[in-house]
Amino acid sequence: MIMAEKLKMHTPDGVADNVAWIAQRFPNCVTEAKDPATGEPRLSVDFDMLRQELSGEIVEDRDERYQFVWPDKKKAILLANSPITATLRPDRDASVDFDNTRNLYIEGDNLDVLKCLKETYLGKVKMIYIDPPYNTGNDFVYEDDFSQSIDDYLTNSGQYDNQGNRLFANTESNGRFHTDWLNMMYPRIKIARDLLKEDGVIFISIDDNEVENLRRICNEIFGESNFIANLIWQKKFSRANDALYFSTMHDHILCYAKNNIRYNPKGWTIGLLPRGEELPPGYGNPDDDPRGPWASVILSAKSGSPNLVYEITTPSGRKCLPPSGRYWACNKETFEKWNNDNRIWFGKDGNGTPRKKTFLSEVQQGLRPNTILFQEDVGNNQEAKQETKLLFDDKGVFDGPKPVRLLYTLSVIANLKDEDTILDFFSGSATTAHAIFKFNVENGRKCNFIMVQLPEVTEKNSEAQNAGYNNICEIGEDRIRRAGKKIKDEHPEAKNLDIGFRVLRLDSSNMEDIYYTPANVQQEQLSLFAENVKPDRTSEDLLFQVMLELGATLDSKIETSEIAGKTIFNVGEGYLVACFDENVNDDAVKAIAKMTPQYAVFRDSSFATDSTVANFKQIFKTFSPNTVTKVL
């Protein structure tokens, strides 16, 4: 055994400050309560909810307060906070440009995947878009079985039935129709908030059935102050005349910021939409000013000082003063400066009352988005269906995709910058990935995406299954391949555009049970567990589980080399160096230490001799004293 750490796989109002601190970290634990002194509502800590957040078991309470509750809510909170031992295993064969891409496609239950990502991607995601089940009475929701104990859940986490499926139909006849949907959504959105950057934003598509409940969930998790807008997307352009009451033409897209810039200067700032070629109302260029189109504003004001009343001579020679009871908006010196710079307009005949020119090139570059997203601007359901069919050789392999233009527009509104990460954990046909390719090539960006999708099996004899797709993940991955090729063909100049993706699959831990609970193994069983790694797992499988634990993002550059006959992984240019081979000798340990990584990881059983074990600590102390060494 080597001596290295084992991986885990007036004066200010102090009370108000503390409540604000808790609200920042646990928005759902701050509620309204009656102030005993004034009788007025005030912000107060919900200590029962806070205890639940800090507890590994369900906490009961009976206090009345303003709150949003449903059956099993506390179990949903517990589920969001409970650990799992699942991991993500790489699949090079399904990937595109595995060694160079920064994009990820992850197959598996999105709650477990989000938990796997949480520590590594904590506060690193700029934009999240999700299109979850709408709960129409026909939709499937994820089977998070609250009848299981937490121990049973942890044991079964990451396991699927023989169809790779953990879904059930949430029919309207189900007595838990809303409850099951809320229990599915709450823990996922709760973890999603943690993944967002301080200036991050989330967009969630939903229809009328659950928009009210979804907004209440988000108000609790993000805080009401971080609600930005309920965007209305016109998803259809033709009337359904056979509708029972109204022809439904829209969906909702709820928008929440991690932090509202109104209250937090480091919060999210909205991206402006391009103006297009059409000039805004009031702008023109009648004098052919080389600075481009302009609009004019009056040069007088209701109030001012005596020095703001002076005579101005127009180009025609007319003398004029401010209108009766008003003042010029600037002093005479400033006026002369503007006039000499051709910023004063006296009308086409040079005889009008002076007005100041405001140039379009000098005002806000772009348009503030509207809360109604019209189909002519962002696309509709029919456009999305045709886009998908065109990509898949006129086959309708996926029902209900979103149009690329919609996701592209949300990417602009999200105000994405270079290297930003976009997450979609209900990725479906992977429209979000397609939109990010388009966004990158048209805006010169290098944003990357993480798509997450449960491998839900395609329906028997469906067009998708007949086309050879056994599950939705196969459709999503092929859509990304086809979309990437299409955009490359359309933009041959974009030689460095990243259209690849690493495929990772959620699975049970690479480690045998003895690794986590050695105390539960009887002495006579020890010979069965001489190796603590499952026999079907590769060194690259181990590497990705270690990357998750040590905070190396899953898109990190991985270089492989051979030192002293052993395979060495170098992740993130020296952030992590790992060797999982057997019979590692002093030469290999010394070579790794000389690379001076931040972390060095070995298997506990890797070392060739007791001498190497004994020398290990001294070797690193000599060549790389700051390296953190770990074993598994």
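The values are calculated or read from the model by the stated rules, or taken from the named source; none is laboratory data. Since we're looking at a predicted model, the values are computed, not measured. Methodologically, a virtual Cβ is constructed for each residue, glycine included, from the backbone with ideal geometry; neighbour enumeration extends over all protein chains shown.
What to note about this one:
- Candidate set from segment 432-455 (those that are assigned to a loop (DSSP other than H, G, I, E, B) and surrounded by fewer than 19 Cβ atoms within 10 Å (Cβ to Cβ)); member that is farthest from the chain's Cα centre (by Cα): Gly444
One line per residue, one yes/no per condition, for (1) modelled with pLDDT under 95; (2) touching an Asp or Glu at 6+ places or on another chain (Cβ under 9 Å); (3) surrounded by 17 or more Cβ atoms within 10 Å (Cβ to Cβ); (4) not assigned by TED's automatic domain parsing to the domain that holds Asp199:
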{"residue": "Asp394", "(1), (2), (3), (4)": "yes, no, no, no"}
{"residue": "Leu410", "(1), (2), (3), (4)": "no, no, yes, no"}
{"residue": "Ala414", "(1), (2), (3), (4)": "no, yes, yes, no"}
{"residue": "Phe426", "(1), (2), (3), (4)": "no, yes, yes, no"}
{"residue": "Ala430", "(1), (2), (3), (4)": "no, yes, yes, no"}
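- Being among the basic types (Lys, Arg) and not in a helix (DSSP H, G or I) is a property that holds for Lys357.
- If the condition is being surrounded by 12 or more Cβ atoms within 10 Å (Cβ to Cβ), of a type outside the set (Lys, Arg) and assigned to a loop (DSSP other than H, G, I, E, B), then segment 283-296 contributes Tyr283, Asn285, Asp289, Gly292, Pro293.
- So Ile487, is it surrounded by 16 or more Cβ atoms within 10 Å (Cβ to Cβ) and closer than 20 Å to Asn110 by Cα: no
- For segment 428-441, the criterion of a residue being at positive phi and of a type in the set (S, T, N, Q) is satisfied by no position.
- Residue list for segment 267-284, restricted to those being modelled with pLDDT under 95 and of a type outside the set (A, V, I, L, M, F, W, C): Pro274, Arg275, Gly276, Glu277, Glu278, Pro280, Pro281, Gly282, Tyr283, Gly284
- First in segment 362-383 and more than 17 Å from Leu407 (Cβ to Cβ) and among the small types (Gly, Ala, Ser), second anywhere and in a loop (DSSP other than H, G, I, E, B) and at pLDDT below 95, Cβ under 6 Å, 6 or more apart: Gly366/Leu272
- Filter result for the condition that a residue is farther than 30 Å from Thr248 by Cα and in a helix (DSSP H, G or I), over Glu333, Glu419: Glu333
- Check on Ala467, assigned by TED's automatic domain parsing to the domain that holds Asp93 and at pLDDT below 95: yes
- Residue identified as outside the structural domain of Phe501 (by TED's automatic domain parsing), under 30 Å from Pro83 (Cβ atoms), modelled with pLDDT under 95 and in contact with a strand residue (DSSP E or B) (Cβ under 8 Å, 6 or more places away or on another chain) among Leu554, Leu576, Leu548: Leu548
- Condition check for Lys348: surrounded by fewer than 13 Cβ atoms within 10 Å (Cβ to Cβ) and more than 30 Å from Ser411 (Cα to Cα): yes
- The selection criterion, being under 20 Å from the mean Cα position of the chain (by Cα), modelled with pLDDT of 85 or more and either in the same structural domain as Val533 (by TED's automatic domain parsing) or not aliphatic (A, V, I, L, M) (or both), does not hold for Phe98.
- Out of Lys590, Lys617, one residue alone is in contact with a helix residue (DSSP H, G or I) (Cβ under 8 Å, 6 or more places away or on another chain) and on the phi < 0 side of the Ramachandran plot. It is Lys590.
- Qualifying residue in segment 490-497 (condition: surrounded by fewer than 16 Cβ atoms within 10 Å (Cβ to Cβ) and among the polar types (S, T, N, Q)): yes
- Qualifying residue in segment 557-570 (condition: touching a Gly at 6+ places or on another chain (Cβ under 9 Å) and either outside any strand (DSSP E or B) or surrounded by fewer than 19 Cβ atoms within 10 Å (Cβ to Cβ) (or both)): yes
- The residues of segment 558-597 that are closer than 15 Å to Leu543 by Cβ and among the polar types (S, T, N, Q), listed by number, are Thr560, Ser561, Thr567, Asn570.
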